[in-house]
Amino acid sequence: MQFAVACGQRAQETLVMIKSAILFNYYQEYLKFIIFTEAPLTEIIKEKLTDWRDTLSQQFEYELLPLKFPNQSEREWKTLFKPCAAQRLFLPSLLKDVDSLLYVDTDILFLSPITDIWKYFGKFNETQIAALAPEHENENIGWYNRFARHPFYGRLGVNSGVMLMNLTRMRQFNWEQHVFPIYKEFKLRITWGDQDIINILFYYHPDKLFIIPCEYNYRPDHCMYMSICNSSHSGIKLIHGNRGYFHSDKQPLFKTVYAAIESYQFSSNVYSDFLLPLRTALNAQPVNESSCGKISGDILLVANSLFGSTY
């Protein structure tokens, strides 16, 4: 089960993210997408997902739900950071019948089957309620260790763009009863909204968090200055175009991957109409000459093994 929140101008980004999850669902696992969104986007997302579901013979299902924040401070939570991102903080009480889910920001793309990350639920010990990847791998360019004005998890903090959530355990922990006092105490000192709240919470409860490797939340910061996420062995599993990098020419690798998935049509051949064009685009001069272009092989690793010429 996968969950996302879509607001503002994020409808197309949400659809491309979902398309990537379906495209890389090589083992044809049961996928259910839960999307919290606002009225103007609901019909856009519903129409496209219905088309895909019909094309793919019911390989997935989806549920669109209205945004819902605590009544007494709805506007404040909705505008905490990126539009509606704080919705994720309230999932344990909003989805009472859901045991576990994978939350992703809309600016995430899957480059591997969802089962690759889902397996980490099985690695939780009896105290862990969630899993996140580190915010940084290097203290010299870490944000939290240099600039944060509040407590944060571990040495360098964690990034909240990809989050495995055991909602059953979060409810037992009374997750939201921890969130409210943290927000009240630190709201004037947080920069990254819900991510900072999550960092503060796990600072006080480090035993509740499982850490997943950086290749499950690969961001421009991992390659734009120097390569600080060793993904050459297993490949990049999920790529995160945060700060608009999927739509920017600053590091064209990110825009190239997004464009390849956006333009792929489900009724076409995944090898000739997705993998080959992506290989060609990643070999283009602007990508090759950029610092992040050096990890093109890591981007293709899983796709080559799943969709190679024998596919």
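Relative contact order of region 2-215: what whole-number percent is it, with Cα pairs under 8 angstrom and at least 6 residues apart? Can you show the working numbers first?
Values: 319 pairs, mean separation 50.6, N = 214.
Taking the mean separation of contacting Cα pairs over the length of region 2-215, I get 24 percent.
Of P286, P113, P134, which has the largest mean-square fluctuation in a 10 Å C-alpha GNM of the chain?
Of P286, P113, P134, the most mobile in the Gaussian network model is P286.
Of K46/K255; K32/K119; K78/K250; K250/K294; K237/K294, which pairs sit farther than 19 Å apart, going by alpha carbon to alpha carbon?
Details: K46/K255 25 Å; K32/K119 17 Å; K78/K250 29 Å; K250/K294 14 Å; K237/K294 16 Å.
Pairs exceeding the cut-off: K46/K255; K78/K250.
Just in region 129-158: which GluC sites (Glu not before Pro) are loop by DSSP and have at most 15 other Cβ atoms within 10 Å?
On the way: sites: E135, E137, E139; in loops: E135, E137, E139.
Those that pass, being in a loop and sparsely packed, are E139.
Relative to a virtual label point 7 Å from the Cα of K294 in the Cα→beta-carbon direction, which members of region 207-232 show backbone nitrogen distances below 15 Å?
220-232
May I ask you to rank S160, S267, S234 by accessible area, largest first, using a 1.4 Å probe over the protein chains only? The partial results should precede the final answer.
Values: S160 5, S267 105, S234 35 Å².
Listed by decreasing accessible area, they come as S267, S234, S160.
Using only protein heavy atoms and a 1.4 Å probe, report how much of T50 is accessible, in Å² to the nearest 10.
Solvent-accessible area, nearest 10 Å²: 40 Å².
Want the number for M226 to N269: 0.36 nm per residue separation, take away the alpha-carbon distance, what's left?
Gain on extension, M226 to N269, equals 11.9 nm.
Cross-link candidates for K68: which aspartates and glutamates have Cα within less than 20 Å, leaving aside residues fewer than 8 places away along the same chain?
E38, E43, E76, D97, D99, D105, E176, D194
Quick one: what Rg and Dmax do you get for region 2-215 from the alpha carbons, in Å?
Cα-based Rg and Dmax for region 2-215 come out at 17.0, 51 Å.
Of T55, T14, which has the most accessible area and how do the rest follow, probe 1.4 Å? Provide the component values of the computation, followed by the final result.
Numbers: T55 75, T14 0 Å².
The ordering from most to least exposed comes out as T55, T14.
Using a Förster distance of 51 angstrom, determine the FRET efficiency expected from the C-beta separation of T280 and H205, and round it to 0.05. Intermediate results must be reported in sequence, preceding the final value.
Values: r = 47 Å, r/R0 = 0.93.
Working from the Cβ atoms, E equals 0.60.
Cα gyration tensor of region 1-120, axes a ≥ b ≥ c as square roots of the eigenvalues: rounded (a/c below 1.5), prolate (a/b > b/c) or oblate? List each step's numbers first, then the result.
Values: a/c = 1.88, a/b = 1.48, b/c = 1.27.
Since a/c reaches 1.5 and a/b is larger than b/c, the shape of region 1-120 is classed as prolate.
Using 0.36 nm per residue, how much length does the chain from A39 to R243 gain when fully extended, once their Cα-Cα distance is taken away?
Numbers: separation 204, 0.36 × 204 = 73.44 nm, distance 2.47 nm.
Stretched fully, the A39-R243 segment lengthens by 71.0 nm.
Most mobile of R279, R243, R88 per a Gaussian network model of the chain (Cα springs, under 10 Å)?
Its mean-square fluctuation being the largest, the pick is R243.
Solvent-accessible area per residue for region 1-126 at a 1.4 Å probe radius, Å²? Can you show the working numbers first?
Working: 5610 Å² over 126 residues.
I get 45 Å² per residue for region 1-126.
Would you check the accessible area of M170, probe 1.4 Å, heavy atoms only, in square angstrom rounded to 10?
Rounded to the nearest 10, the figure is 0 Å².
Given a 10 angstrom Cα cut-off, can you work out which residue in K294, K119, K208 is the most mobile in a GNM of the chain?
K119
Accessible area of region 2-215 with a 1.4 Å probe: how many percent of it is carbon plus sulfur? Spell out each step's value before the answer.
Details: 4380 of 9220 Å².
That share works out to 47 percent.
Could you give P(r) for region 152-269, binned at 10 Å from zero, as whole percent values over all Cα-Cα pairs?
In whole percents, the pair-distance histogram is 11, 34, 31, 20, 5, 0.
The values are calculated or read from the model by the stated rules, or taken from the named source; none is laboratory data. Computed from a predicted model, the values in this text were never measured in an experiment. Cβ coordinates were reconstructed from backbone atoms using ideal geometry, including for glycine residues, and neighbour counts include every protein chain displayed. For accessibility, only protein heavy atoms count, side chains too; no ligands or nucleic acids. Shrake-Rupley method; radii C 1.70, N 1.55, O 1.52, S 1.80 Å.
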